[in-house]
Amino acid sequence: MSKLFDRFKYNGLFIKMFIIMVVSIIAVSVTTTWTTINVSERVFTETFSITNTKVINQINNNLDTFNYSIALATNKLAQSGTAREFMTEADGSSLANFRSFYAMGDVMKRINSGLDAYGIDITVAGINGRIFASSGQSPLAMTHDELMQHPLTLRSLESPRRILYQHINSKHGVPLLVATRPLSDRTTDKVYGMIFFTMTEKEFAGFYNTYTSEGNEVAVISGNGTIVSSGRKEWIGTDGRELLAYVKSMEEAGKPYMNVAIQNREHIVLSRYLSSLDYYIVNLIDKKTAIGQLTDMPSIIISVGVIVGVALIIVFLISRRLTRSLTRLVKQISTISKYEFHHKVSVGGSYETRELGLAFNGMLEELQDYVAKLVQTEKQRRNAELEALQGQINPHFLYNTLASVKFMVQHGDRERAAETINALISLLQNMIGNVSETITLSQELVNMKNYVLINHVRYGERIKMNYFIAPDCLGCHLPKLIIQPFIENAFFHGFNAKAEGHIYFMASKEADALICEVVDNGDGFDMKTDQGAENLKSSGKRQLFTGIGVRNVHERVQLLYGESYGVEINSHPGEGTRVKIRLPIIKE
Amino acid sequence: MKKMMALLLASMMLLAACSSGNSGKTDGNGGTTGGDKGNEATKVTVWAWDANFNVKAMNLAKEAYAKDHSDVNVEIVENAQNDIVQRLNTGLSSGTTKGLPNIVLIEDYRAQSFMQAYPDAFYPITKNFKASDFAEYKLGPTSVNGENYGLPFDSGVAGVYVRTDYLEQAGYKVEDLQDITWNDYIEIGKKVKETTGKDWISLDPNDMGIIRMMIQSAGSWYLTADGKSADLAGNVALKEAFEVYKNMMDANIVKIHSDWSQYVANYNNGSVASVPTGNWFTASITAAEDQKGKWAIVPFPKLAGNAKSVHASNLGGSSWYVLNVDGKEKAAEFLGATFGSNVDLYQKLITDVGAIGTYKPAAEGEAYKAPNEFFGGQNIVSDFSKWTAEIPNVNYGMHTYAVEDIIVVEMQNYLNGKSIDQVLTDAQKQADAQIK
């Protein structure tokens, strides 16, 4: 969880950038696609309406030609004496009837030739009870009486001078279109027969079938609002008044086309009124189907998806590349500030991050320089302090020593007094010189011996001092007065309980270090309790030889030679104390 | 960096998966096509006209076949006969069989013209049924060079439907009409007209079906035995048929019609007393239920002057043909198993459709023996099948309808007083000119 959070923290920039890019790419592609589809839909609708207006005109022309053929046939029949005779004469002998029918057959053949192409049947029915069907089997399938009393005829008789286009279902349920016209005597207006031009709806659909396709349907609506013919079989004979109302309102508004929802589907509607037939040709374009063909949704989605996907991959790679170096830089900087002050950041990536890395490294370097200088100064200051302390000779020491010498002189022990004075002089001489100078171990040995001598003079010789020095160490240099404070300490604190004892000084080389040890077999102390340490530290009220104490030695050694050198103290109560001083081997 | 590689790899794998997925699919299809044929239903398309007769009959066959053959899906498409003829002609003459059905119904009169014009378009089905089980006269029109291409369907066997009540009024019984010539037929008609005032027969000047029936009863046709040239001048049967036709007109016993509905109405309203026609007219006669028991069917009259003439003839009738397209084997099997051998199916055709087949073994079935109450208990189906077996076999040839048109015109001339020999000679000339 926290790992995830860390990752998010470091990649925050990348993630933000990427999300913004993703959102914008998707937004742009969706908007573009949507707009394109919209525009193409509009263009498509316009184009469709233009071409379909032409189609409707074509259908209109076809139907006009058809209507003209019907009118022509009607006129021919009306003018034919044979036909009139056929329809009016009374039945004669079989032979006479046969001739009459045959003659009528000839007339019908002639007339029908103009209508052959339409697959139409012409049936004439005379008032004399005769019927003649040009095809031999009229789709109407009605006897003379049925025909004459049929609403088709009755309606037609109401307007005897007109060709009336009507529609019925045949006895077998086949939708039919019938053009009817009464035949009447010109002078008396007496009707002597009826003509029925019958064609099945299927054949009538041939007028527009070739122009339709799925989603692009034609419906022919009669003036009273019934759908007479349509490519959609289920519409035939149904109520089309709603559609007719749309069409009429469209005509009034003078619009070339109209968008209408029919059966819950968006349709583009075009229409044309055929006054000769009293039919409306209505062209219905199902938007979804028609435009669905135009815009193949799945393939659009796939191609847009692929493009978006590729764009995202590219964006991912590029932004990743851009932010990666930055992220790495940030990661390094944050760990550096926590753990690795001396490390530098690796410089790489884009120009900006490279510069940033360089600047950071520069700053870090300067900071390190500064800190180093600060440490150096501090060291020097401390060194100077210690040196100053080292340079001071405790006046008590001098006083006590000189007082001891005075007693020796008074007692006449001149020999010893002179020896003591010599030792003091030698000691002071050594002190007064440059404190920071190093001296050889052999010189230091002399100093130690002088100091011990003075101490013996002052306090008696109950504490013995022994020296064990490896000969190859004698030439080694070491700072002045490094050993003395420990001997002093052993003298003054090591033997409070015990009355007498020994102090040993040992020097030897160990690898590349000079090891000096001051060991006593005095009281010792418990390292765990503070008492002994207290003794080590609080040397203030003691009569120290110089201002420098045991504690300062360690500090000074480390300041001079580094951390691998210094002082180590071991002590056990009743067994004595062992002080080990590690120094570098310095040979001039 | 790792993440990016992973992404790249993932997208590459996706692309690879897409492409390999496609190829895998096609492979799969290729592999299973063979199996599909076994499992998936084979579609057999049938074209036929007349929803109440042929299509209905085919539907019965489909049902009977579906019981044992769920693997064959028979689709029946109804088209007008003219449309079928037109579409077959356009399809076959263009050489593409695309959009054509597996099985098509063709009228016997036209069958030869199709088979001669498009020799390779039809699939021989000789092996799929036993030709000798079918009425002899059906085999001529449906075969070429001894190979059967059509499976005989309905019988067009003809008889004479007569009004028994009118006959009785004129002093005749049905028994008197069992063995008559056309001359006798006219005499009886005259008597009926005299006593009842009803016409004896209804004819259409533009349809010479009655002439065709007469000449076939004498084993003659408009065309020579090879079916290729017209046989009009010197055709004694045709000459006599013309004379009979004229005699009927002269006897003034003929009602004229030009429309099928009017034709049927003439009988249904009782204004005409007899109909010499094919057995399929039964349904039209029985439509007038008020005339139940007033009708009988008698054998077709003979031509008096022709020794070969028998009491049997044919009008119309059609057969099923298998087109030489994919699925022809299945289609042929289907026909063989149904119309080719299923006796029960033929019983159903009688009871449900009223169609009399030409399959001889079917005559043993019960439906064939059942009396028909409308016809006064006459076993009409059994009678019709008996006559079917007697129909003389003629070759309808390739030009029946072309000659018919000439005959119609020449008949008019004959009735108008032209001599019969001249009429037939003229007709022969025109026919020779037209069909050569």
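The values are calculated or read from the model by the stated rules, or taken from the named source; none is laboratory data. Quick caveat, the model's predicted, so the values are computed rather than measured. Every residue, glycine among them, receives a Cβ derived from its backbone with ideal geometry; neighbour counts consider all protein chains shown. Just so you know, the surface numbers come from the protein's heavy atoms only, side chains and all, with ligands and any DNA or RNA stripped out. Shrake-Rupley method; radii C 1.70, N 1.55, O 1.52, S 1.80 Å.
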Q: Would you check if A:Ile318 is over 28 Å from A:Gly562 (Cα atoms) and open to solvent by 80 Å² or more (accessible area, probe 1.4 Å)?
A: yes
Q) Quick one: which helices (runs of 4 or more DSSP H) sit completely within the stretch B:10-124 and have at least 2 residues that are modelled with pLDDT of 90 or more and touching an Asp or Glu at 6+ places or on another chain (Cβ under 9 Å)? A) B:54-66
Q. Any idea which residue in the stretch B:237-255 is farthest from the other protein chains (Cβ to nearest Cβ), counting only those that are within 17 Å of B:Asn413 (Cβ to Cβ) and open to solvent by 30 Å² or more (accessible area, probe 1.4 Å)?
A. B:Lys239
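Conditions (1) at pLDDT 90 or above; (2) in contact with a strand residue (DSSP E or B) (Cβ under 9 Å, 6 or more places away or on another chain); (3) more than 30 Å from A:Ala103 (Cβ to Cβ), marked per residue:
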{"residue": "B:Phe374", "(1), (2), (3)": "yes, yes, yes"}
{"residue": "B:Ser382", "(1), (2), (3)": "no, no, yes"}
{"residue": "B:Ser385", "(1), (2), (3)": "no, yes, yes"}
{"residue": "B:Gly397", "(1), (2), (3)": "no, yes, yes"}
{"residue": "B:Ile407", "(1), (2), (3)": "yes, no, no"}
{"residue": "B:Leu415", "(1), (2), (3)": "yes, no, no"}
{"residue": "B:Ser419", "(1), (2), (3)": "yes, no, no"}
{"residue": "B:Leu424", "(1), (2), (3)": "yes, no, no"}
{"residue": "B:Ala431", "(1), (2), (3)": "yes, yes, no"}
Q: Considering only the stretch B:88-111, state which residues are farther than 21 Å from B:Gly336 by Cα, surrounded by 15 or more Cβ atoms within 10 Å (Cβ to Cβ) and out of contact with any Leu (no Cβ under 8 Å at 6 or more places or on another chain).
A: B:Tyr109, B:Arg110
Q: Looking only at the stretch A:86-120, count how many residues are away from chain B (no Cβ under 14 Å), more than 21 Å from B:Val408 (Cβ to Cβ) and either part of a helix (DSSP H, G or I) or in contact with a Pro (Cβ under 7 Å, 6 or more places away or on another chain) (or both).
A: 1
Q) Can you tell which of A:Met17, A:Met104 is surrounded by 17 or more Cβ atoms within 10 Å (Cβ to Cβ), under 23 Å from A:Val308 (Cα atoms) and in contact with a helix residue (DSSP H, G or I) (Cβ under 8 Å, 6 or more places away or on another chain)? A) A:Met17
Q. Being within 14 Å of chain B (Cβ to nearest Cβ), open to solvent by 50 Å² or more (accessible area, probe 1.4 Å) and either under 16 Å from the mean Cα position of the chain (by Cα) or at pLDDT 80 or above (or both), is that true of even one residue in the stretch A:290-298?
A. no
Q | Per-region count, the stretch A:486-509, residues in contact (Cβ under 8 Å) with a residue 40 or more places away in the chain and among the charged types (D, E, K, R) | A | 2
**Q.** Filter result for the condition that a residue is of a type outside the set (Val, Ile, Thr), surrounded by 21 or more Cβ atoms within 10 Å (Cβ to Cβ) and more than 26 Å from the chain's Cα centre (by Cα), over B:Tyr172, B:Tyr149, B:Tyr166
**A.** B:Tyr166
Q | the stretch A:249-281, residues that are out of contact with any Lys or Arg (no Cβ under 8 Å at 6 or more places or on another chain) and in a strand (DSSP E or B) | A | A:Met258, A:Val260, A:Ala261, A:Ile262, A:Val269, A:Leu270, A:Ser271, A:Arg272, A:Tyr273, A:Leu274, A:Tyr279
Q. Any idea how many residues of the stretch B:256-287 are over 16 Å from B:Glu187 (Cα atoms), among the β-branched types (Val, Ile, Thr) and away from every other protein chain (no Cβ under 11 Å)?
A. 4
Q) Looking at (1) within 35 Å of the chain's Cα centre (by Cα); (2) open to solvent by 50 Å² or more (accessible area, probe 1.4 Å); (3) within 30 Å of A:Ser40 (Cβ to Cβ), which is the one condition that is false for A:Arg272? A) (1)
Q: Please give the number of the condition A:Phe505 fails out of (1) assigned to a strand (DSSP E or B); (2) open to solvent by 30 Å² or more (accessible area, probe 1.4 Å); (3) of a type outside the set (D, E, K, R).
A: (2)
Q) Since A:Glu158 meets every condition but one in (1) within 11 Å of chain B (Cβ to nearest Cβ); (2) open to solvent by 20 Å² or more (accessible area, probe 1.4 Å); (3) without any contact (Cβ under 8 Å) to a residue 24 or more places away in the chain, which condition does it not meet? A) (1)
Q. Taking the stated definitions as given, is B:Tyr172 of a type outside the set (Val, Ile, Thr) and touching a residue at least 40 places away in the same chain (Cβ under 8 Å)?
A. no
Q. Does the stretch A:299-315 hold any residues that are exposed (fewer than 15 other Cβ atoms within 10 Å of the Cβ), away from every other protein chain (no Cβ under 14 Å) and either under 18 Å from A:Ser24 (Cα atoms) or among the basic types (Lys, Arg) (or both), and which are they?
A. A:Ile301
Q.
I need a count of the residues in the stretch B:192-209 that are open to solvent by less than 10 Å² (accessible area, probe 1.4 Å) and under 18 Å from the mean Cα position of the chain (by Cα).
A. 2
Q. Which numbered condition trips up A:Ser40, out of (1) under 16 Å from A:Leu277 (Cβ atoms); (2) in contact with a Ser or Thr (Cβ under 8 Å, 6 or more places away or on another chain)?
A. (1)
**Q.** For A:Arg381: the one exception among (1) closer than 24 Å to A:Leu428 by Cα; (2) open to solvent by 50 Å² or more (accessible area, probe 1.4 Å)
**A.** (1)
(Q) Quick check on this structure: which one of A:Gln137, A:Gln149 is on the phi < 0 side of the Ramachandran plot, within 12 Å of another protein chain (Cβ to nearest Cβ) and either in contact with a Gly (Cβ under 9 Å, 6 or more places away or on another chain) or open to solvent by 40 Å² or more (accessible area, probe 1.4 Å) (or both)? (A) A:Gln137
Q: Could you tell me which residue of the stretch A:485-502 is surrounded by the fewest Cβ atoms within 10 Å (Cβ to Cβ), considering only residues that are of a type in the set (A, V, I, L, M, F, W, C) and not in a helix (DSSP H, G or I)?
A: A:Ala499
Q) Does B:Gly357 count as farther than 29 Å from B:Ala287 by Cβ and either open to solvent by less than 40 Å² (accessible area, probe 1.4 Å) or of a type in the set (Asp, Glu) (or both)? A) no
Q. Of all the residues that make up the stretch A:399-417, how many are β-branched (Val, Ile, Thr) and more than 16 Å from A:Leu427 (Cα to Cα)?
A. 1
Q.
Of everything in the stretch A:208-259, what is of a type in the set (Asp, Glu) and either open to solvent by 70 Å² or more (accessible area, probe 1.4 Å) or over 24 Å from A:Val178 (Cα atoms) (or both)? Give them in sequence order.
A. A:Glu214, A:Glu234, A:Asp239, A:Glu242, A:Glu251, A:Glu252
Q) open to solvent by less than 60 Å² (accessible area, probe 1.4 Å), among the polar types (S, T, N, Q) and within 14 Å of chain B (Cβ to nearest Cβ) - does that describe any residue in the stretch A:59-72? A) no
**Q.** Condition broken by B:Pro119, with the remaining ones in (1) surrounded by 13 or more Cβ atoms within 10 Å (Cβ to Cβ); (2) without any contact (Cβ under 8 Å) to a residue 60 or more places away in the chain satisfied
**A.** (1)
